[in-house]
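The values are calculated or read from the model by the stated rules, or taken from the named source; none is laboratory data. Just so it is clear, the structure is predicted and the values come from calculations on it, not from any experiment. No Cβ is skipped: glycine too gets one built from the backbone with ideal geometry, and neighbour counts run over all protein chains shown. Just so you know, the surface numbers come from the protein's heavy atoms only, side chains and all, with ligands and any DNA or RNA stripped out. Shrake-Rupley method; radii C 1.70, N 1.55, O 1.52, S 1.80 Å.
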Number of protein chains: 2
Amino acid sequence: MGMEDCVRPIDIIMKKRNGNTHTQEEIVYLIQQYTEGRIPDYQMAAWLMAAFLNGLDEEETYFLTHAMLHSGKIIDLSCIEKPKIDKHSTGGVGDKISLILAPAVASCGIAVPMTSGRGLGFSGGTLDKLESIPGYRTRLTEKEFVSILGKVGFVMSGQTDDIAPADKKLYALRDVTGTVENIAFITSSILSKKLAEGAEAVVMDVKFGSGAFMKAKAEALCLAETLLRVAGKLGKNLICVLTSMDQPLGNAVGNRLEVIESIECLNGEKIPDLVEITCTLGGYMLIAGKKAGTLSEGKELIEEKLKNGEAFERFVDSVRSQGGDVGFVEHPEKFERARFSRPIHSTKNGFINKIHTENIGTAAVYLGAGRFSKDDEIDPAAGIIVHKKLGSTVRKGEKLLTLYYNKESHVDEAALLAGSSYTIGEDRGHDFQLMHEVIG
Amino acid sequence: MGMEDCVRPIDIIMKKRNGNTHTQEEIVYLIQQYTEGRIPDYQMAAWLMAAFLNGLDEEETYFLTHAMLHSGKIIDLSCIEKPKIDKHSTGGVGDKISLILAPAVASCGIAVPMTSGRGLGFSGGTLDKLESIPGYRTRLTEKEFVSILGKVGFVMSGQTDDIAPADKKLYALRDVTGTVENIAFITSSILSKKLAEGAEAVVMDVKFGSGAFMKAKAEALCLAETLLRVAGKLGKNLICVLTSMDQPLGNAVGNRLEVIESIECLNGEKIPDLVEITCTLGGYMLIAGKKAGTLSEGKELIEEKLKNGEAFERFVDSVRSQGGDVGFVEHPEKFERARFSRPIHSTKNGFINKIHTENIGTAAVYLGAGRFSKDDEIDPAAGIIVHKKLGSTVRKGEKLLTLYYNKESHVDEAALLAGSSYTIGEDRGHDFQLMHEVIG
């Protein structure tokens, strides 16, 4: 207990509470001590809320990201000679793009070292989706991670305990303390994980709209700019693509339903928004990896891999390498489906002008596709099929959605939420624009 | 897990985080669930910081106070026929007034049911002071509390587990999460405890200045007004007296040193600021208890009890009733003193124009008189004697302070802090004014 040399957690909390700016030393102290269990959750929670409300500037965000990145190991991928490019999405309803994109990009000679997360609130998670394939293991050792990446060309794994352990603890704490939707926290969480993976460049799908964490495009732009600037300070190449989440991506929401839809897409089925976003993000990944000179060249290459079955074969290889039963992937009709279904019908004629996409995601959670609290178990078969998307016409009595579930306990809540998520107008609304700005 | 009927802690946290106003239902839920251990500390910490930064309005503060008061028992003092009047201080450096005031007021025929707290940061606590008398027990059952009050006329106890248990948990959490200095929290903490004690009226010593939690008088006025209004909604009579803590109260800072000084005062020694504040607060207590018609009449009565030894005799009775060794109180020279002392000398001639009183309190904590963390042990003999107060003249080399301690580990820090707490000018500064507004 010195005077000058003794930093106390309470002083750091009060400094941010009072609206002051942290030094790198303070942030390093906070993150190290918290990761090592020497600062309790309740002090970290107070700091998180103070930082949420009073803000962290760009320099503080960089310090935070740096401290979180260096709280664990940085994977060494130097043994892999291919360009190593990753993709990350800020999350949304029905976002199964990683499952389609990673094998497609890997087919073009790029190594994709992908660590993903679990579902969070209304938004699904890649790990939960993959684990709906019987046997699929997302918990890999670093050795397995590197070996599968070398062999298959891509790998999909949960964050190992070694990677950014600070983020793992903070992420869980933010989730239960109402401190999720903050640009500094989101930036440091994404970058500390993604930069620890050893990728040279990362293409970011920064989502906004009613089914994303950022509702307003301005917020998403601000996040994208923060991501770019902080990554730049850390010497990492980033490309941010802004995309709209004003409706679910594809038609399936829920883990196994999304895997099945991804398999269809990998088999060349033209689900328009899935193909568009996959080809664009893939195109930028190919440019970053010097496998394409222009975006249109990159997009064509990706589209080709979806058509000619190469992407699908990669996906099968990956499932096999990660312990999954490829029989299901090759014959998706074998997947066990939910026992019950309930259609939601339109109550009038008109145009689909608006979809409250978060409500569809939350409805899927009520059906069992996600978790309200950390210990909730996921039902892999539960979810929603979306029959009508923005701009479609609909007639009274026509199906808007179908709910799939095994447990009936919260179906009424789900039906109420999902059913009220559509705004049907007499006139056609604005055209929906999926792809927006690209910055980087 | 319903939709409408399910309040979740996270929703309450986010509501306050977003700057919205709570309903009574939400606050009751939060306080009940937290008290019963069903909301974890980390969620409460996040809410505390959100409420600290975004504020609680008067109605929310009333809801909070009401919920905290009703989280435990309200002591029934109807068996005691005397008027039951208490005093509370918001805390400061050297504030041993309760030890002098309670026996003096009790000598005038008023029952004083006093629950006190421990030291908090730079500010000492009545319980720690009393416990520096060998054998003194501050942990009483409700039965003992009522019985001693009836027999002695006053009682000094820690908050029992039954009294406002919500406050007990929240107070400890606020202390370690940087959420202490907030008017809504301070109001609810003070009133939930004080109203549970069963007193009919409470005189509040609301302190401001460099040795108080509220530095600015405007803040203290705001606290006093909030206290009055919230107490009014709860049907309780309050008188708030604003007093300055721009210098230590009396000359002793540290538990046993303060007990000894209190005994001197109870034996009629005229330590001016201690007498002035005791007589004023006591005067208002006598008015509230209808034992005096005017303030000057009340003050005279109190002064008389200090002079004629009655207050001292009450104090001895109380120490005996609460298990303390009266031998020490009757012969304070028997108290074990600190092994070491170090004087702090003035480095120039001049007038004492300013005292950074909080630093003197913190220096005493470094010497062992208080706690930096909850588990630190207190050294009852450690502390500081103040030789020079505001407006005094001082010569170079003359003693300003003397530090008393048994452990030498942090004496240098204490000496540095205490030594730098004096501002000595060539001209005499403004006159010090101890007593300020009275509202109620």
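Observations on the structure shown:
- Filtered trypsin sites (Lys or Arg not before Pro), region B:360-440: DSSP coil and at most 11 other beta carbons within 10 Å: B:K374, B:R395, B:K396
- Amide H to amide H distances under 5 Å link B:T347 with B:G397, where only residues 5 or more positions off or on other chains count and H is placed in the peptide plane.
- The relative contact order of region A:1-114, computed from alpha carbon pairs under 8 Å that lie at least 6 residues apart in sequence, is 24 percent.
- Computed 3J(HN,Hα) for region A:278-292, one whole-Hz value per residue from the Karplus formula 6.51 cos²θ - 1.76 cosθ + 1.60 where θ = phi - 60°, is 4, 5, 5, 4, x, x, 5, 5, 5, 4, 4, x, 6, 9, 8, glycine and proline marked x.
- Pairwise centroid distance, computed over Cα atoms, of region A:298-339 with region B:166-191, Å: 57
- Distance between the 7 Å Cα→Cβ label points at A:I74 and A:R342: 5.2 nm.
- The GluC sites (Glu not before Pro) found in region B:66-145 that occupy coil by DSSP, while having at most 10 further C-beta atoms within 10 Å, are B:E81.
- Solvent-accessible surface of region A:125-190, averaged per residue with a 1.4 angstrom probe and all protein chains in place: 31 square angstrom.
- Across identical copies of the chain, B:E304 has label-point separations of 10.8 nm, listed in ascending order, with the point defined 7 angstrom from Cα along Cα→Cβ.
- The protein assembly as shown: antiparallel DSSP beta bridges as a percent of all, rounded to 5: 55
- Dimensionless Rg over Rh [region A:84-136; C-alpha; Kirkwood]: 0.98
- Sum of side-chain charges, A:F154 neighbourhood, beta-carbon under 11 Å (Lys, Arg +1; Asp, Glu -1): +3
- Applying the criteria of a DSSP loop state and at most 12 other Cβ atoms within 10 Å to the trypsin sites (Lys or Arg not before Pro) of region A:238-331 yields A:K270, A:K290.
- Extension gain for A:S147 to A:T294 (0.36 nm times residue separation, less C-alpha to C-alpha distance): 49.8 nm.
- Computing FRET efficiency as 1/(1 + (r/R0)^6) for B:E408 and A:V7, where r is the C-beta to C-beta distance and R0 is 35 Å, gives about 0.90.
- If you plug the beta carbon distance of B:E36 and A:R139 into 1/(1 + (r/R0)^6) with R0 = 30 Å, you get a FRET efficiency near 0.25.
- Shortest-first nm distances, A:E25 label point to equivalent points in other copies (7 Å, Cα→Cβ): 5.1
- Distant-in-sequence amide contacts of A:F154, defined by a placed amide H-H separation under 5 Å and a gap of 5 or more residues or a different chain, comprise A:V112.
- Residue (of B:T402, B:A164, B:S244) at the positive-pole extreme of chain B, dipole from beta-carbon charges: B:T402
- Take A:R38, push a point 7 Å out from Cα through the beta-carbon direction, and compare it with the same point in every other copy: 3.8 nm, smallest first.
- Taking θ as phi - 60° and the Karplus parameters 6.51, -1.76 and 1.60, the scalar couplings of region B:74-81 work out to 10, 5, 9, 10, 5, 6, 9, 7 Hz in sequence order, x denoting glycine and proline.
- Under Karplus coefficients 6.51, -1.76 and 1.60, residue-wise ³J(HN,Hα) of region B:24-32 in Hz, glycine/proline x: 4, 3, 5, 5, 4, 4, 4, 5, 5
- Value of [θ]222 nm, deg cm²/dmol, for the protein assembly as shown, DSSP H segments ≥ 4, -39500 (n - 2.57) each, nearest 500: -13500 deg cm²/dmol
- Counting, for every residue in B:170-181, the Cβ atoms of other protein chains within 10 Å of its Cβ and taking the mean gives 4.
- Summing +1 for each Lys or Arg and -1 for each Asp or Glu among the other residues whose beta-carbon sits under 10 angstrom from that of A:I352 gives +4.
- Net charge of neighbours whose Cβ lies under 13 Å from the Cβ of A:A311, counting Lys and Arg as +1 and Asp and Glu as -1: -4
- Within the full protein context, the accessible area of B:E437 is estimated at about 70 Å² for a probe radius of 1.4 Å.
- Interchain or long-range residues, amide H under 5 Å from A:S116's placed H: A:S157, A:G158, A:Q159
- Between B:E304 and A:K334, the simple label model (points 7 Å from Cα in the Cβ direction) yields a spacing of 10.1 nm.
- Residue-level accessible surface for B:I27, protein heavy atoms, 1.4 Å, Å²: 0
- All-pairs alpha carbon distance profile, region B:313-436, 5 Å steps from 0, percent: 2, 11, 17, 16, 15, 14, 13, 8, 3, 1, 0
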